[in-house]
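J.: After the structure tokens below, expect a handful of questions from me.
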């Protein structure tokens with residue numbers, strides 16, 4: 001078990017600096033263009049693949065860090081470059097996390113490499129949970145998976161929404177209900193491989209922020225997949241369902257296992273946006289002169305920046321703690337994963353709004369990046385569990401009461 005330290009080791013420092021160089025040299029110059037285009041930034045993903053950022057090796061190395069810090073350090077830097085481009089690069093990792101959390105080692109070895117492909121043949125993957133009538137209420141999923149014993153296949157029907165890479169992905173990981181009467185305990189995760197019939201893209205969403213990341217509906221119509229595509233295997237699922245029907249506690253919801261592991265990583269992206277806005281507005285405040293002096297010499301501005309920096313550093317502490325706890329197998333007894341995502345997400349919104357205020361009119365126009373950072377920040381209080389849901393998770397954890 002790795003001891004927790006606020007001092008990054010040599011490998012982590014090298015990783016951080018390498019990714020910062022990519023974020024500064026490749027992502028920042030392209031960010032405004034892809035925000036305007038609202039298209040998947042294939043050239044940026046290609047450059048990330050060429051140098052090994054978009055790859056199975058990178059994700060395995062980041063996830064295998066015994067301290068848990070490599071992934072959150074990496075995501076902070078990429079989101080500092082641009083959140084939309086960051087999501088386009090790392091959106092595939094949500095599916096990877098779903099496979100790793102719910103699949104067997106053999107399934108991980110088979111399916112995870114298919115999520116990325118190779119630099120010569122890029123692939124995308126998507127993770128689908130949310131539905132039109134089941135966003136925060138994951139236990140109410142209507143997408144249904146029915147087992148066909150005659151052919152050893154699962155048949156999936158339903159609609160998923162708000163899916164990163166949805167419909168354009170080569171491989172989808174879909175959470176579906178196999179026993180609706182059991183609610184969240186009757187769900188399982190399935191891999192839908194490339195070329196499977198019965199899956200297609202529905203509506204593509206035009207978003208307020210992270211526009212370079214493709215978000216769309218995924219429609220499943222009699223989508224048949226081999227039995228081996230049930231993550232974890234049928235024997236394990238049957239045992240879980242049997243325990244659930246007897247009222248015995250099970251291993252939890254398939255979707256929540258993924259979200260629990262990824263919340264600190266989502267917080268790290270929000271942190272990257274907040275840091276970008278803080279650094280930009282700090283530099284601006286030192287250079288901008290009004291009434292014969294730099295505006296940072298005014299308490300009204302200086303105190304804003306002090307508050308921004310304090311909350312950014314507090315966010316990082318919460319994220320690193322949660323990431324380390326997840327990596328070392330310490331349970332989130334007080335909702336520590338939710339704390340990190342909640343605080344960082346709301347910090348990003350406040351910091352970017354204050355950055356606009358510091359820049360004044362310049363902060364409100366697209367020639368300057370802070371308005372884009374503000375638009376990008378808001379999603380971090382919504383996706384992978386709204387701020388309200390994070391507070392609910394924390395409240396339930398600290399009280400032991402099923403608060404509704």
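The values are calculated or read from the model by the stated rules, or taken from the named source; none is laboratory data. Quick caveat, the model's predicted, so the values are computed rather than measured. Cβ coordinates were reconstructed from backbone atoms using ideal geometry, including for glycine residues, and neighbour counts include every protein chain displayed.
J.: Does residue 326 satisfy being modelled with pLDDT under 95, buried (at least 21 other Cβ atoms within 10 Å of the Cβ) and not in a loop (DSSP other than H, G, I, E, B)?
T.: Answer is yes for this residue.
J.: So which residues in region 279-300 are assigned to a helix (DSSP H, G or I) and surrounded by 12 or more Cβ atoms within 10 Å (Cβ to Cβ), if there are any at all?
T.: Within region 279-300, 279, 280, 281, 282, 284, 285, 286, 295, 296, 297 meet the criteria.
J.: In addition: Go over the candidates 97, 83 one by one and state the one that is touching a helix residue (DSSP H, G or I) at 6+ places or on another chain (Cβ under 7 Å), under 20 Å from residue 174 (Cβ atoms) and either modelled with pLDDT of 95 or more or not assigned by TED's automatic domain parsing to the domain that holds residue 214 (or both).
T.: Testing whether each residue is touching a helix residue (DSSP H, G or I) at 6+ places or on another chain (Cβ under 7 Å), under 20 Å from residue 174 (Cβ atoms) and either modelled with pLDDT of 95 or more or not assigned by TED's automatic domain parsing to the domain that holds residue 214 (or both) leaves just 97.
J.: Got at least one residue in region 110-117 being in a helix (DSSP H, G or I) and out of contact with any helix residue (DSSP H, G or I) (no Cβ under 7 Å at 6 or more places or on another chain)?
T.: yes
J.: Check residue 41 against each of (1) under 17 Å from residue 117 (Cα atoms); (2) touching a helix residue (DSSP H, G or I) at 6+ places or on another chain (Cβ under 6 Å); (3) free of Cβ contacts under 8 Å to residues at least 60 places away in the same chain and name the one condition it does not meet.
T.: Tallying (1) under 17 Å from residue 117 (Cα atoms); (2) touching a helix residue (DSSP H, G or I) at 6+ places or on another chain (Cβ under 6 Å); (3) free of Cβ contacts under 8 Å to residues at least 60 places away in the same chain, residue 41 fails exactly one: (3).
J.: If you don't mind, another one. Sort through 343, 303 and tell me the only one that's more than 24 Å from residue 264 (Cα to Cα) and part of a helix (DSSP H, G or I).
T.: 303
J.: Looking at 178, 173 in this structure, which one is buried (at least 19 other Cβ atoms within 10 Å of the Cβ), closer than 26 Å to residue 89 by Cβ and touching a helix residue (DSSP H, G or I) at 6+ places or on another chain (Cβ under 9 Å)?
T.: None of the other options fit; the residue is 173.
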